[in-house]
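The values are calculated or read from the model by the stated rules, or taken from the named source; none is laboratory data. Just so we're clear, the structure is a prediction, and the values are computed from it rather than from any experiment. Cβ atoms come from the backbone with ideal geometry, glycine included; neighbour counts cover every protein chain shown.
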Amino acid sequence: MIDTTVFQDKVAVYYTLGCKLNFAETSSIGKTLKEAGVRTARKGERADICVVNTCSVTEVADKKCRQAIHRLVKQHPGAFVVVTGCYAQLKPEQVAGIEGVDLVLGAEQKGNIMDYLDSLEKKPCGEAVTTDAKDIRTFSPSCSRGDRTRYFLKVQDGCDYFCSYCTIPFARGRSRNGKIDDLVAQARQAAEEGGKEIVLTGVNIGDFGKSTGETFFDLVRALDEVDGIERYRISSIEPNLLTDEIIRFVSQSRRFMPHFHIPLQSGCDEVLKLMRRRYDTALFASKIRTVKALMPDAFIGVDVIVGTRGETSEFFERACRFIEDLDVTQLHVFSYSERPGTQALKIDHAVSADEKHRRSQRLLALSDRKLHDFYARHIGQEAEVLMEKAKPGAPMHGFTRNYIRVEMEHDDALDNRLLKVRLGDFNEDGTALRGAVL
């Protein structure tokens, strides 16, 4: 039994790297510590506890994690430092050896952080507590908003896909999920707290149901019935798991937004095979056409990786032509990073760093054009916007149902309010449309 008196009047700082799922989990860790008596550090305040939730999607991510740990150790001398997340799971001993780190928790342990905290006394060397990925079974629930307007509901964790370039199955374990009844209860709780928008997060959410015998479509239908939640967004879903049934349901739902994030990774079938993806470009294109036929104004974000092993110049050109013709809104472009232990390392033809950068810039320019055109088509239209909290004196921002970012003059009374606005021209830096309340 943990002696929670140890935590009374303690101050913590939290640092998160990586995906929306990590932010949701960090928020839940913060909530757990708050219930034990730990408050979040104010700006410039020295913390007693530092929690770092890490990412390991690329070598650059690993480096950023190490830099963040070093920075927090320097900023908060004497603090008890806990490191968790994907980098901690994949390289626990390496992380535990970083000066100042006291405790490293793996994927199986981070949801029960209080079980591993005791006196908060600094240790001469860090302790690592992890479980082999094949033995990770725990699903740690999370429905938190932290400092954000939107809530993030974790519905699934882990992945069974083992794409050739990816370490996530080794970092998060096999696919598992919460029960629909429990997730609906968490959504109702968010509504009672005043939440209006929930983002469904996970590693491979379309694979929902592996551990409970349910389906993602079952979950979507159940959440759609929760009173008080005005908006749901599906954070990311594999194209082969985005069924026409789900698309049709979203098109008719008042609560599920016309907003999809669908990973493509490559627009070339030969590269998709090398990646061990479970679809081809024909299936991907058909999903885009189905979405647009039912929801012409839907926002569609697409993940693309450039410079993977085996991506020749010819394959990249083929991918560019395919993506150019897709009716999508925005590209999230990543440069391939070699990860130890992945099957991609066995593939011939490595792409140079300079060439990866060139390909990345080309696709980012294409993304900018697509996003600008999408926004421009909506100028002059009426839209419903959920406004988000902003720093004092700064412009406020919010998003339409189809994820157009809208800028308005600051007014604290508008925080977490759904407003009818008319969409005007682009703001000064071109990142949003200006809104006028109707």
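Answer yes or no as to whether Lys287 is under 20 Å from Phe374 (Cα atoms), in contact with a Phe, Trp or Tyr (Cβ under 9 Å, 6 or more places away or on another chain) and not assigned by TED's automatic domain parsing to the domain that holds Phe162.
The answer is yes for Lys287.
Out of the residues in the stretch 164-196 meeting the condition of being touching a Ser or Thr at 6+ places or on another chain (Cβ under 7 Å) and charged (D, E, K, R), tell me which one is surrounded by the most Cβ atoms within 10 Å (Cβ to Cβ).
First, the residues of the stretch 164-196 that are touching a Ser or Thr at 6+ places or on another chain (Cβ under 7 Å): 164-167, 171, 176-177, 179.
Applying the additional criterion that residues be charged (D, E, K, R) yields 176, 179.
Numbers: Arg176: 23, Lys179: 16.
Ranking the qualifying residues of the stretch 164-196, first place goes to Arg176.
State all residues of the stretch 28-45 that are in a loop (DSSP other than H, G, I, E, B) and surrounded by 13 or more Cβ atoms within 10 Å (Cβ to Cβ); if no residue qualifies, say none. Reasoning before the result, please.
So in the stretch 28-45, the residues in a loop (DSSP other than H, G, I, E, B) come out as 36-38, 41-45.
Passing the criteria: Ala36, Gly37, Val38, Ala41.
Do we find a residue being at pLDDT 95 or above, under 21 Å from the mean Cα position of the chain (by Cα), surrounded by 23 or more Cβ atoms within 10 Å (Cβ to Cβ) and within 19 Å of Tyr151 (Cα to Cα) anywhere in the stretch 265-281?
No, that holds for no residue.
Checking Ala350 against (1) more than 30 Å from Tyr151 (Cβ to Cβ); (2) part of a helix (DSSP H, G or I); (3) out of contact with any helix residue (DSSP H, G or I) (no Cβ under 7 Å at 6 or more places or on another chain): exactly one of these is not met. Which one?
(2)
Output the residue which, of all residues in the stretch 212-229 that are not in a loop (DSSP other than H, G, I, E, B) and not hydrophobic (A, V, I, L, M, F, W, C), is nearest to Val155 (Cα to Cα).
Only one residue fits best here, namely Asp218.
Can you name the residue in the stretch 33-58 that is among the hydroxyl-bearing types (Ser, Thr, Tyr) and touching a helix residue (DSSP H, G or I) at 6+ places or on another chain (Cβ under 6 Å) and, of all such residues, is farthest from Pro141 (Cα to Cα)? Before the answer, list the steps.
Restricting attention to the stretch 33-58, the residues satisfying the condition of being among the hydroxyl-bearing types (Ser, Thr, Tyr) are 40, 54, 56, 58.
Applying the additional criterion that residues be touching a helix residue (DSSP H, G or I) at 6+ places or on another chain (Cβ under 6 Å) yields 54, 56.
Values: Thr54: 18, Ser56: 21 Å.
By that ranking, first place goes to Ser56.
Taking Gly209, is it crowded, with 17+ Cβ neighbours inside 10 Å, assigned to a loop (DSSP other than H, G, I, E, B), in contact with a helix residue (DSSP H, G or I) (Cβ under 8 Å, 6 or more places away or on another chain) and on the phi > 0 side of the Ramachandran plot?
Numbers: crowded, with 17+ Cβ neighbours inside 10 Å: yes; assigned to a loop (DSSP other than H, G, I, E, B): yes; in contact with a helix residue (DSSP H, G or I) (Cβ under 8 Å, 6 or more places away or on another chain): yes; on the phi > 0 side of the Ramachandran plot: yes.
So Gly209 passes the test.
Can you name the condition, by its number, that Arg254 falls short on among (1) crowded, with 16+ Cβ neighbours inside 10 Å; (2) within 20 Å of Phe216 (Cα to Cα); (3) not acidic (Asp, Glu)?
Failing condition for Arg254: (1).
Counting residues that are assigned by TED's automatic domain parsing to the domain that holds Leu241 and either touching a strand residue (DSSP E or B) at 6+ places or on another chain (Cβ under 7 Å) or modelled with pLDDT of 90 or more (or both), which strands (runs of 3 or more DSSP E) fully inside the stretch 107-191 reach at least 3? Talk me through it step by step, then tell me what you get.
Values: elements: 127-129, 142-144, 151-154.
Of the strands (runs of 3 or more DSSP E) lying wholly inside the stretch 107-191, those with at least 3 residues that are assigned by TED's automatic domain parsing to the domain that holds Leu241 and either touching a strand residue (DSSP E or B) at 6+ places or on another chain (Cβ under 7 Å) or modelled with pLDDT of 90 or more (or both) span 142-144, 151-154.
I'm checking my understanding of the structure. Among residues of the stretch 356-375 that are under 24 Å from Glu428 (Cβ atoms) and touching a residue at least 24 places away in the same chain (Cβ under 8 Å), which one is surrounded by the fewest Cβ atoms within 10 Å (Cβ to Cβ)?
His372
Only one of these is of a type in the set (A, V, I, L, M, F, W, C), over 21 Å from Leu363 (Cα atoms) and in contact with a helix residue (DSSP H, G or I) (Cβ under 9 Å, 6 or more places away or on another chain): Leu345, Leu294. Name it.
Working: Leu345 fails: in contact with a helix residue (DSSP H, G or I) (Cβ under 9 Å, 6 or more places away or on another chain).
Of Leu345, Leu294, the one residue that is of a type in the set (A, V, I, L, M, F, W, C), over 21 Å from Leu363 (Cα atoms) and in contact with a helix residue (DSSP H, G or I) (Cβ under 9 Å, 6 or more places away or on another chain) is Leu294.
Quick check on this structure: which one of Ala353, Ala344 is of a type in the set (A, V, I, L, M), more than 30 Å from Ala383 (Cβ to Cβ) and in contact (Cβ under 8 Å) with a residue 60 or more places away in the chain?
Details: Ala353 fails: in contact (Cβ under 8 Å) with a residue 60 or more places away in the chain.
From the options Ala353, Ala344, the qualifying one is Ala344.
Among the residues of the stretch 230-283, which ones are assigned to a loop (DSSP other than H, G, I, E, B), in contact with a helix residue (DSSP H, G or I) (Cβ under 9 Å, 6 or more places away or on another chain) and free of Cβ contacts under 8 Å to residues at least 40 places away in the same chain?
Selection gives Ile237, Leu241, Thr243, Ser253, Arg255, Asp280.
Looking at Pro239, is it in the same structural domain as Asp303 (by TED's automatic domain parsing), at negative phi and at pLDDT 95 or above? I'd like the intermediate steps shown before the answer.
Working: in the same structural domain as Asp303 (by TED's automatic domain parsing): no; at negative phi: yes; at pLDDT 95 or above: yes.
No; evaluated as a whole, the condition is false for this residue.
What pairs come out if I take residues in the stretch 5-21 that are not assigned by TED's automatic domain parsing to the domain that holds Ile205 and pair them with residues that are polar (S, T, N, Q) and buried (at least 18 other Cβ atoms within 10 Å of the Cβ) whose C-beta lies under 6 Å away, six or more apart or interchain?
That search, which allows pairs on different chains as well, returns Tyr14/Thr26; Thr16/Asn22; Thr16/Thr26; Thr16/Asn53; Leu17/Thr54; Lys20/Thr201; Lys20/Ser235; Leu21/Thr201.
Every residue in the stretch 314-341 that is more than 27 Å from the chain's Cα centre (by Cα) and touching a residue at least 40 places away in the same chain (Cβ under 8 Å), please.
Pass one, the stretch 314-341, residues more than 27 Å from the chain's Cα centre (by Cα): 314-315, 317-318, 321.
Selection gives Phe315, Arg318, Arg321.
So, in the stretch 145-158, how many residues would count as being in contact with a Cys (Cβ under 8 Å, 6 or more places away or on another chain) and of a type in the set (A, V, I, L, M, F, W, C)? So that I can check it myself, show each step before the final result.
Residues of the stretch 145-158 that are in contact with a Cys (Cβ under 8 Å, 6 or more places away or on another chain), as a first pass: 151-154.
Filter once more, so that each one left must be of a type in the set (A, V, I, L, M, F, W, C): 152-153.
So the count comes out to 2.
Go through Val73, Val51 for me and flag whichever is surrounded by 15 or more Cβ atoms within 10 Å (Cβ to Cβ), at pLDDT 95 or above, of a type outside the set (Phe, Trp, Tyr) and outside any helix (DSSP H, G or I). Lay out the reasoning, then the answer.
Numbers: Val73 fails: outside any helix (DSSP H, G or I).
Being surrounded by 15 or more Cβ atoms within 10 Å (Cβ to Cβ), at pLDDT 95 or above, of a type outside the set (Phe, Trp, Tyr) and outside any helix (DSSP H, G or I) holds for just one of Val73, Val51, which is Val51.
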